[in-house]
1. Which condition number does residue 70 fail, the rest of (1) among the hydrophobic types (A, V, I, L, M, F, W, C); (2) under 16 Å from residue 25 (Cα atoms); (3) in a strand (DSSP E or B) being met?
2. Pairs, please: C-beta under 6 Å, at least 6 apart or cross-chain, first residue under 9 Å from residue 1 (Cα atoms) and in the stretch 12-23, second part of a strand (DSSP E or B)?
3. Residue 14 - would you say it is under 16 Å from residue 92 (Cβ atoms) and among the aliphatic types (A, V, I, L, M)?
4. Name every residue in the stretch 2-50 that is loosely packed, with under 13 Cβ neighbours inside 10 Å and modelled with pLDDT under 90, in order of residue number.
5. Residue by residue through the stretch 71-82, note down the ones that are within 11 Å of the chain's Cα centre (by Cα) and closer than 17 Å to residue 17 by Cα.
6. When you check residue 68 against the structure, is it free of Cβ contacts under 8 Å to residues at least 24 places away in the same chain, buried (at least 20 other Cβ atoms within 10 Å of the Cβ) and farther than 19 Å from residue 21 by Cβ, yes or no?
7. Please specify each residue of the stretch 51-65 satisfying the condition of being crowded, with 17+ Cβ neighbours inside 10 Å, in a loop (DSSP other than H, G, I, E, B) and modelled with pLDDT of 85 or more.
8. If I ask for residues that are in a loop (DSSP other than H, G, I, E, B), out of contact with any strand residue (DSSP E or B) (no Cβ under 8 Å at 6 or more places or on another chain) and more than 25 Å from residue 70 (Cβ to Cβ), which ones from the stretch 22-46 would you list?
Amino acid sequence: GTLSANGNVILLNAAGMFFSPTAMVNVNSLIASSLDLSDEDFFAGRYKFQAAPHTEGGLVVNQGTIEAAIGGSVSLIGGAVSNEGVILAQAGQVNLVSGN
């Protein structure tokens, strides 16, 4: 599938996230996480991700193509993270973060 946006996109799914080999993502910036982000932290501009109590973050896998705008960023955050595809962030940042 395809996801396109001029703005910043945050995708959250505690069960994990999978970008298939045919996935095409074109956004200003992307955060894809299997860890939780509280409403309070989100509205305060704090991107503090953590696993829900008594759970582990799911697997976040990219096999497709994820492209951020020039100066944008791509962050894949989860209990485990795997990039088997392409991530582009010209003059920006790519973050692959695993933890709970």
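The values are calculated or read from the model by the stated rules, or taken from the named source; none is laboratory data. None of these values were measured; they are calculated from a predicted model. Cβ coordinates were reconstructed from backbone atoms using ideal geometry, including for glycine residues, and neighbour counts include every protein chain displayed.
1. It is condition (3) that residue 70 fails.
2. 19/62
3. When the stated conditions are applied, residue 14 does not pass them.
4. If the condition is that a residue be loosely packed, with under 13 Cβ neighbours inside 10 Å and modelled with pLDDT under 90, then 38, 39, 40, 43, 44, 45, 46, 48 are the ones that fit.
5. Matches in the stretch 71-82: 74, 75, 76, 77, 78, 81.
6. Details: free of Cβ contacts under 8 Å to residues at least 24 places away in the same chain: no; buried (at least 20 other Cβ atoms within 10 Å of the Cβ): yes; farther than 19 Å from residue 21 by Cβ: yes.
Considered against the rule, which asks whether it is free of Cβ contacts under 8 Å to residues at least 24 places away in the same chain, buried (at least 20 other Cβ atoms within 10 Å of the Cβ) and farther than 19 Å from residue 21 by Cβ, residue 68 comes out as no.
7. 58, 64
8. Taking the stretch 22-46 first, the residues in a loop (DSSP other than H, G, I, E, B) are 22-23, 28, 34-35, 37-38, 44-46.
Those left that are additionally out of contact with any strand residue (DSSP E or B) (no Cβ under 8 Å at 6 or more places or on another chain): 22, 38, 44-46.
Hits for the stretch 22-46 are 38, 44, 46.
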